[in-house]
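One structure is given here, and the rest of the page talks about it.
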Amino acid sequence: MTRFAFRSSDRVFVLTGAGVSAESGIPTFRDADGLWRNYRFEEVASPHAWRRDPRLVWDFYSMRRRVASTAKPNPAHRALAALEKSLGDRFLLCTQNVDSLHEQAGSQRILHMHGELFKSRCDSCSRSPFDDSNLYESPSEIPRCPCGGKIRPHICWFGETPFHLNEIFAALGDCTVFFAIGTSGTVEPAASFAAHALRRAKTIYVGPEPPANRHLFTESILGKAGELLSSLFSP
Ligand code: OAD
């Protein structure tokens, strides 16, 4: 794998998806062993599911907390943290992943557009999201906020608006190189980010197979992120 030749004027936007954490043992959503092959997202990851059966929703996110709590960053997370170190404020990482493996590898300029697995928030009041790694497995009572509302996972569910979109679109309009890594290109609005970047940036996909939005990329580098990124981003 040849190293990517960044120019000193480049501003780099990186979008990551579940594939980046796959080599850390966290299942993706749509691959053969993916979460959406075993769960119906309408039943565990939507406002409707929360209204209908919040216990089932907490069972699902407690299972995901349990899996993510023992996972360790892999070479892909580390390569992205090292790239940030060399590019400084010319770099922004936007992840659809809700695990904290990018941060554990050292990433700081990072936006979690789909929320964070180890945070919770109230479903009723405007209290800020707070750190929470508790497992609420088959809870007899749903945890409650002092205001009386129910405590829910701090996750963007289907039908909800992702976080940080203003900041994300500002950076997309300004970047000169856009990477999408380990994401199937099927979920909006992330699947259209490459279209926004394409007006002025090179767009590069990294993952084992071409994504659904492959036509939006000027280049695709096929393979596992953990095996490719350290060489691609080597200083
Ligand atoms: P998907 O499961 O849809 O896609 C995972 C992608 O990772 C696939 O394209 C795989 O080819 C690729 N992949 C697998 N192993 C890889 C590896 N070792 N290195 C690089 N790539 C690899 O996951 P996402 O695109 O992230 O949203 O899914 C987007 C959103 O859909 C998620 O954030 C989640 C889900 O529903 C919410 O829950 C709101």
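The values are calculated or read from the model by the stated rules, or taken from the named source; none is laboratory data. None of the values given here were measured: they were computed from a predicted structure. Neighbour counts are summed over all protein chains in view; Cβ atoms, including those assigned to glycine, are modelled from backbone coordinates with ideal geometry.
Observations, loosely collected:
- The strands (runs of 3 or more DSSP E) found wholly in segment 120-229 and carrying at least 2 residues that are within 17 Å of the chain's Cα centre (by Cα) occupy 151-155, 177-181, 202-207.
- Members of segment 135-173 that are under 14 Å from residue 96 (Cβ atoms) and touching a strand residue (DSSP E or B) at 6+ places or on another chain (Cβ under 6 Å): 155, 156, 164, 168
- Test: residue 100 is among the hydroxyl-bearing types (Ser, Thr, Tyr), under 21 Å from residue 20 (Cα atoms) and within 16 Å of the ligand (Cβ to nearest atom): yes
- Pairs with Cβ under 7 Å, 6+ apart, first in segment 217-235 and among the charged types (D, E, K, R), second within 14 Å of the ligand (Cβ to nearest atom): 219/204; 224/23; 224/208
- Of residues in segment 152-179 being near the ligand (Cβ under 9 Å from one of its atoms) and closer than 24 Å to residue 214 by Cβ, the one surrounded by the most Cβ atoms within 10 Å (Cβ to Cβ): 162
- Residue within segment 58-77 that is under 24 Å from residue 176 (Cβ atoms), surrounded by 19 or more Cβ atoms within 10 Å (Cβ to Cβ) and at pLDDT 95 or above present: yes
- Criterion: outside any helix (DSSP H, G or I), surrounded by fewer than 18 Cβ atoms within 10 Å (Cβ to Cβ) and of a type outside the set (Asp, Glu) - qualifying residue of 37, 51, 30: 30
- Residues in segment 1-40 that are touching a helix residue (DSSP H, G or I) at 6+ places or on another chain (Cβ under 8 Å) and of a type in the set (Phe, Trp, Tyr) were compared, and the one that is nearest to the ligand (Cβ to nearest atom) is 29.
- Close pairs from segment 149-163: first more than 16 Å from residue 62 (Cα to Cα), partner within 10 Å of the ligand (Cβ to nearest atom) and hydroxyl-bearing (Ser, Thr, Tyr), Cβ under 7 Å, at least 6 apart: 158/46; 159/46
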